[in-house]
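Participant: Could you have a look at this structure, given as structure tokens, before my questions?
The values are calculated or read from the model by the stated rules, or taken from the named source; none is laboratory data. Nothing here was measured: the structure is a model prediction, and the numbers come from that model. As a convention, Cβ positions derive from the backbone with ideal geometry for all residues, glycine included, and neighbour counts pool all protein chains shown. Each accessible area value is taken on the protein alone, full model and side chains, heavy atoms only, with ligands, DNA and RNA left out. Shrake-Rupley method; radii C 1.70, N 1.55, O 1.52, S 1.80 Å.
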Amino acid sequence: MTQDTTPAELEQALAAAAAAAPAFGAAEPAVRAGWIRAVADALDAASGELVPIAIRESSLPEARLTGEVARSTGQLRMFADALQEGSLLEVTIDTKDPQAKPVPRPDLRRVLVPLGPVLVFAASNFPFAFSVCGGDTASALAAGCPVIVKAHPGHPELSVRTAEVMIDALKQAGAPDGTFGLISGFDVGVTALKDPRITAAGFTGSVPAGKALHEIAVSRPEPIPFYGELGSLNPVFVTQAAIDARGKDIASGYVGSFTLGVGQFCTKPGLLFLPSGHGLQDQLVEATGSVAEAPMLNDRIKDGFTSGLDRLEKVDGIHVWSAGAATLLQTTVPELLARRDEILEECFGPVSIVVEYASPDELHAAIEAFDGNLTATLHAEDSDADLARDLLPKLTARAGRVLWNGWPTGVAVSWAQHHGGPFPSTVGSIHTSVGVTAARRFQRPVAYQDAPDAVLPDVLKDSNPAGITRRVNGTVTTDEVTR
């Protein structure tokens, strides 16, 4: 088991990150992109060593973990491409216009700059994609911020070895010392979060832990942004027309989704809303009963799941339809509304609840019972267009990603992705933790007014020496600017 980082070691990591911040943040986009690609290449090369460590510590299968490495290195390269192309900096130039009305306009040049050292709290359920080399780390590095990761205790050896690979790759590529670091220990993470050299933090974990850390971040003498992904129920709503058209596929897809990864995905569908008389009970029970036993990530998560499942099964109005490697429960909308706080509490693991509704009014009431979620899903047919138009605004108000005839497990790493949502799914629903715009969490805008070309950062100079994409007087271009 990895020892907690000592106070002296923590001070060294914080001081190194602070010292690295000016040079790392000021590096030309293409240079910083090269450093990030070097990390991706090194992780791919070390996959054969890292994956077996992850198997030992997480009980996850080799194919899943190999895919996670590829996801992690793929998103690093995606951020590097976006950085080098220029979109990540959002460079916007409005040249001087003495004739502008109602008053003359000065020369204004706006760019996003890095906040400074970022603290990342690693997650347990994705040892690569949301841990040491995960999306928070990748997006912060792309933003120009040195990163210190607080290792998750669920995979300590993997965390240390992954960090060693990344630090060596950055050093060999010429990045400043202190660009990346790793610390271990709960109290150590709290101490780091309070340190004035940390300018922002990212977190993936439970609601209680996330709320406690958020309170620390915003209660500092100089508060900092804290981006926490906390908990989500990811409800799925199904119409009668969808059941008539493809009820069997919906049943099998749902069970496959809520049991994927032993139910340890943040996007697991925790509730499935079906119309009364749906006729899918036998198929759902059979599919759930055929799920094979598989170990959970660690004893702490297993104990939490066991406790949460026991609590749910004792709620009045909850009935057990299937119990085994996965558990399927059932209730109705009136029962859910009567015991909202008890039923709408996330249970992290292979359990989900079928909720039956008797009318469109009950379906509307069920949606309105939810707080914020990462996702909300509607299974419907073209004939449901009027109903869908009524439901979608309510789903949109409660989720960051709204799916049509799909399943929420699986989060594509892309430009348009949004992985976030209203509280308590995240702290800060205006940002995503997956996709290119995740870097925006660790940047702030600065505008220069009437500054001479010679003193401007290269990305703002008239000649555009970096060759990046910029918006000049409203037009996206890579051309030079004429004053």
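Participant: From the residues in the stretch 174-201 that are assigned to a strand (DSSP E or B) and either open to solvent by 20 Å² or more (accessible area, probe 1.4 Å) or of a type outside the set (A, V, I, L, M) (or both), which one is farthest from residue 31 (Cα to Cα)?
Facilitator: Quick first cut of the stretch 174-201, residues assigned to a strand (DSSP E or B) only: 180-183, 200-201.
Narrowing further to those that are either open to solvent by 20 Å² or more (accessible area, probe 1.4 Å) or of a type outside the set (A, V, I, L, M) (or both): 180-182.
Details: 180: 16, 181: 20, 182: 23 Å.
Applying the filter and picking the extreme gives 182.
Participant: Is it true that some residue in the stretch 129-146 is within 20 Å of the chain's Cα centre (by Cα) and open to solvent by 10 Å² or more (accessible area, probe 1.4 Å)?
Facilitator: Going residue by residue through the stretch 129-146, those that are within 20 Å of the chain's Cα centre (by Cα) are 129-146.
Then keep just the ones that are open to solvent by 10 Å² or more (accessible area, probe 1.4 Å); that gives 130, 136.
Yes - at least one qualifying residue is present in the stretch 129-146.
Participant: Would it be correct to say that residue 15 is open to solvent by less than 20 Å² (accessible area, probe 1.4 Å), more than 30 Å from residue 260 (Cα to Cα) and not β-branched (Val, Ile, Thr)? Full working, then the answer.
Facilitator: On the way: open to solvent by less than 20 Å² (accessible area, probe 1.4 Å): no; more than 30 Å from residue 260 (Cα to Cα): yes; not β-branched (Val, Ile, Thr): yes.
So residue 15 fails the test.
Participant: Then there's this: Residues that are buried (at least 18 other Cβ atoms within 10 Å of the Cβ), out of contact with any helix residue (DSSP H, G or I) (no Cβ under 7 Å at 6 or more places or on another chain) and at pLDDT below 95: find the strands (runs of 3 or more DSSP E) completely inside the stretch 296-362 holding 2 or more of those. So that I can check it myself, show each step before the final result.
Facilitator: Working: elements: 319-322, 327-332, 351-357.
Output list is empty.
Participant: A follow-up question, please. Within the stretch 202-217, can one find any residue that is in a loop (DSSP other than H, G, I, E, B), in contact (Cβ under 8 Å) with a residue 12 or more places away in the chain, over 28 Å from residue 30 (Cβ atoms) and open to solvent by less than 20 Å² (accessible area, probe 1.4 Å)?
Facilitator: Filtering the stretch 202-217 for residues in a loop (DSSP other than H, G, I, E, B) gives 205-206.
Now restrict to residues that are in contact (Cβ under 8 Å) with a residue 12 or more places away in the chain: 205-206.
Still in the list and also over 28 Å from residue 30 (Cβ atoms): 205-206.
Narrowing the set further to residues that are open to solvent by less than 20 Å² (accessible area, probe 1.4 Å) leaves none.
No; the residues of the stretch 202-217 include none that is in a loop (DSSP other than H, G, I, E, B), in contact (Cβ under 8 Å) with a residue 12 or more places away in the chain, over 28 Å from residue 30 (Cβ atoms) and open to solvent by less than 20 Å² (accessible area, probe 1.4 Å).
Participant: Of the numbered conditions (1) closer than 17 Å to residue 244 by Cα; (2) surrounded by 21 or more Cβ atoms within 10 Å (Cβ to Cβ), residue 406 satisfies every one except a single condition; which is it?
Facilitator: Checking residue 406 against (1) closer than 17 Å to residue 244 by Cα; (2) surrounded by 21 or more Cβ atoms within 10 Å (Cβ to Cβ), the one that fails is (2).
Participant: Shifting gears a bit: Criterion first (free of Cβ contacts under 8 Å to residues at least 40 places away in the same chain, open to solvent by less than 40 Å² (accessible area, probe 1.4 Å), part of a helix (DSSP H, G or I) and on the phi < 0 side of the Ramachandran plot) does residue 163 satisfy it?
Facilitator: Numbers: free of Cβ contacts under 8 Å to residues at least 40 places away in the same chain: yes; open to solvent by less than 40 Å² (accessible area, probe 1.4 Å): yes; part of a helix (DSSP H, G or I): yes; on the phi < 0 side of the Ramachandran plot: yes.
Answer is yes for this residue.
Participant: Could you check the stretch 419-452 and list, in sequence order, the residues that are buried (at least 22 other Cβ atoms within 10 Å of the Cβ) and assigned to a loop (DSSP other than H, G, I, E, B)?
Facilitator: Residues satisfying the conditions are 419, 420, 421, 425, 432, 433, 434, 435.
Participant: OK, next. Hey, among the residues in the stretch 453-483 that are touching a residue at least 24 places away in the same chain (Cβ under 8 Å) and aliphatic (A, V, I, L, M), which one's surrounded by the most Cβ atoms within 10 Å (Cβ to Cβ)?
Facilitator: The qualifying residue surrounded by the most Cβ atoms within 10 Å (Cβ to Cβ) is 460.
Participant: In the set 235, 225, which member is more than 22 Å from residue 367 (Cβ to Cβ) and at pLDDT 95 or above?
Facilitator: Values: 235 fails: more than 22 Å from residue 367 (Cβ to Cβ).
Being more than 22 Å from residue 367 (Cβ to Cβ) and at pLDDT 95 or above holds for just one of 235, 225, which is 225.
Participant: Are there any helices (runs of 4 or more DSSP H) wholly within the stretch 10-88 with 1 or more residues that are closer than 26 Å to residue 460 by Cβ, and if so which?
Facilitator: Details: elements: 29-45, 47-58, 62-85.
Passing ranges, in order: 29-45, 62-85.
Participant: Still on this structure, I have one more. Kindly list, by first and then second residue, each pair from a residue in the stretch 90-107 that is under 12 Å from residue 450 (Cβ atoms) to a residue that is among the aliphatic types (A, V, I, L, M) and in a loop (DSSP other than H, G, I, E, B), limited to pairs with Cβ atoms under 8 Å and residues at least 6 apart or on different chains.
Facilitator: The qualifying pairs are 95/481; 107/451.
Participant: How many of the residues in the stretch 274-291 are out of contact with any helix residue (DSSP H, G or I) (no Cβ under 6 Å at 6 or more places or on another chain) and either modelled with pLDDT under 95 or closer than 22 Å to residue 399 by Cβ (or both)?
Facilitator: Here is the first cut: in the stretch 274-291, the residues out of contact with any helix residue (DSSP H, G or I) (no Cβ under 6 Å at 6 or more places or on another chain) are 274, 276-277, 279, 281-282, 285-286, 289-290.
Pick out the ones that are also either modelled with pLDDT under 95 or closer than 22 Å to residue 399 by Cβ (or both) and you get 274.
Going through the stretch 274-291 one residue at a time, the tally reaches 1.
Participant: Moving on to the next point. Residues in the stretch 2-20: is at least one farther than 20 Å from residue 151 by Cα and in contact with a Pro (Cβ under 6 Å, 6 or more places away or on another chain)? Outline the logic, then answer.
Facilitator: The first filter runs over the stretch 2-20 and keeps only residues farther than 20 Å from residue 151 by Cα, leaving 19-20.
Okay, now just the ones that are also in contact with a Pro (Cβ under 6 Å, 6 or more places away or on another chain), so 20.
Yes, the conditions are met somewhere in the stretch 2-20.
Participant: Follow-up. Taking the stretch 248-278, which residues are in a helix (DSSP H, G or I), surrounded by fewer than 18 Cβ atoms within 10 Å (Cβ to Cβ) and without any contact (Cβ under 8 Å) to a residue 60 or more places away in the chain?
Facilitator: Those that are in a helix (DSSP H, G or I), surrounded by fewer than 18 Cβ atoms within 10 Å (Cβ to Cβ) and without any contact (Cβ under 8 Å) to a residue 60 or more places away in the chain: 248, 249, 252.
Participant: Conditions first: (1) modelled with pLDDT under 95; (2) more than 23 Å from residue 30 (Cα to Cα). Residue 417 passes all but one, so which condition is the exception?
Facilitator: (1)
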